[in-house]
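Worksheet: one structure, shown below.
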Amino acid sequence: MKHYSLIHHLKFILPSLLGIFLFMIPFSYKGQVTIPIAILASWLQNQIGDYLTGIMTFIIVLTAFMTLLYRWILKRNPKALSFSPFFTGLFHVTTFWTLVRVVGAVLALLTYFQVGPEAIYSENTGGMLLGDLLHILFSVFLFAGLLLPLLLNFGLLELFGTVLEKVMRPLFTLPGRSSIDNLASWLGDGTIGVLLTSKQYEQGYYTKREAAVIGTTFSVVSITFCIVVIEQVNLEHLFIPFYLTVLAAGLVSGMIMPRIPPLSRFQNQYNNGEEQVHDKENVENGKSRWRSGYEKALDKASKSKGLPHYVKEGSQNVLDMWMGVAPIVMTFGTLALVLATYTPVFSWLGYPFIPILELMQLPEAEAASETLLIGFADMFLPAILIESVSSELTRFVIACLSVSQLIYMSEVGGLILGSKIPVRFTHLIVIFLLRTVISLPIIVAIGHLIF
């Protein structure tokens, strides 16, 4: 092993252990299973909750204004803002995303002042997003953005990337370092997984295909929210079989989805356009995976640039999340929830599933069919709609499926579209449908064994 001083070892070990503790260690707090980063986020919401709706409205409107301003300035002088590459990258976006940000600002203003059609600002649509979900995203983004470098910059991903390469690559066609993204999602929250994956893609560690697979396949909801879902359908006494069923469906989907279109068709090309010609996590000849991974971790930690750079990077992460993601969640989330709440669109889309559910011997198949696709709007909607169904088996199946589908526009879907992960809206629709088709028979089969 190369010679490293005690300082190099400590620069890797201490920040990495702190990052693992904050993002990946679940424990019971006030009767709920959670992680430290979520506790910090909840604390902040309790402190400034009365102001967060106004704060998020301001952020969304400011983002739209600055996007239009940058577009106007750069059209007249393309080099005028070259002194600020970060803000240019943040505000100089395509025409489509400019339109999305402007629509998000309009929807946020209508919701905040409760003017215009009630369908936009009601507590089931824009009101829920601006007055609840975006509060959570504000605080999670703040702490996750500031503290994410603990996972990214001090060697933890290099160690696990090398050690777990032989597990992740054959099972999920992914590099070993994706194990940290996956664990952060499973144990923490899907939003953290999306943010971590996006940053790794930007920094050139994931190809387009790898980033798309991780972001859409492993960005699952937290254990805490799983508890909320199972309680909503009055089956909290079955939490352990419920969570094991979700794990089983998730693992099977995780092995199948990367190997079929559309994910299999994404290019193995990095963000800078470079083709993937070899695995970045190969082991040097004559070295064990642990030794090679630990050396790479120490090399990474030794190159960390100190507190000022850490604070600058963390602050840029926060702004990128607040201004890059919040308007998109507001736009796509509100429109999806309006369709789900005030139109029969998702019920119509569920009709073809009735004979399939009947073939699977699922009681009250018609009621269940109405919930199968509505989760694309918001993951909690199926649990609310199925609550009144008498069959425990049907409630169990829909609760498991809603968590296993992963892609819902009120949060994770909007986050993915707002991130640098190269996934389009049409991809999300197809991935959601495929996950539904793959997960449903697994969940129903397990459900029949339990009931």
Identity of the residue in region 120-172, part of a helix (DSSP H, G or I) and among the charged types (D, E, K, R), that ends up farthest from residue 197 (Cα to Cα): 132
Selection status of residue 125, surrounded by 15 or more Cβ atoms within 10 Å (Cβ to Cβ) and either among the hydroxyl-bearing types (Ser, Thr, Tyr) or in contact with an Asp or Glu (Cβ under 8 Å, 6 or more places away or on another chain) (or both): yes
Selection from region 58-101 of residues that are farther than 16 Å from residue 325 by Cα and aromatic (Phe, Trp, Tyr): 70, 72, 83
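Scan the helices (runs of 4 or more DSSP H) fully inside region 265-369 and keep the ones with 2 or more residues being over 30 Å from residue 6 (Cβ atoms).
Answer list for region 265-369: 307-342, 345-350, 354-359.
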Sole residue being hydrophobic (A, V, I, L, M, F, W, C), touching a residue at least 40 places away in the same chain (Cβ under 8 Å) and open to solvent by 50 Å² or more (accessible area, probe 1.4 Å), chosen from 142, 109: 109
Filter result (open to solvent by 20 Å² or more (accessible area, probe 1.4 Å), touching a residue at least 12 places away in the same chain (Cβ under 8 Å) and more than 21 Å from residue 441 (Cα to Cα)) within region 341-377: 341, 342
Among the residues listed as 415, 434, the single one being surrounded by fewer than 24 Cβ atoms within 10 Å (Cβ to Cβ), among the hydrophobic types (A, V, I, L, M, F, W, C), in contact (Cβ under 8 Å) with a residue 12 or more places away in the chain and not in a loop (DSSP other than H, G, I, E, B): 434
Selection count where residues are at pLDDT below 85, open to solvent by 10 Å² or more (accessible area, probe 1.4 Å) and in a helix (DSSP H, G or I), scope region 205-231: 6
Failed condition for residue 39, given (1) in contact (Cβ under 8 Å) with a residue 40 or more places away in the chain; (2) open to solvent by 20 Å² or more (accessible area, probe 1.4 Å); (3) β-branched (Val, Ile, Thr): (1)
Residue that is modelled with the highest pLDDT, among those in region 405-451 that are under 13 Å from the mean Cα position of the chain (by Cα) and among the polar types (S, T, N, Q): 405
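The values are calculated or read from the model by the stated rules, or taken from the named source; none is laboratory data. The model shown is predicted, which means the values in this text are computed figures rather than measured ones. Neighbour counts run over all protein chains shown; Cβ positions are idealised from the backbone, glycine included. Side chains included, ligands, DNA and RNA excluded: accessible areas come from the protein's heavy atoms. Shrake-Rupley method; radii C 1.70, N 1.55, O 1.52, S 1.80 Å.
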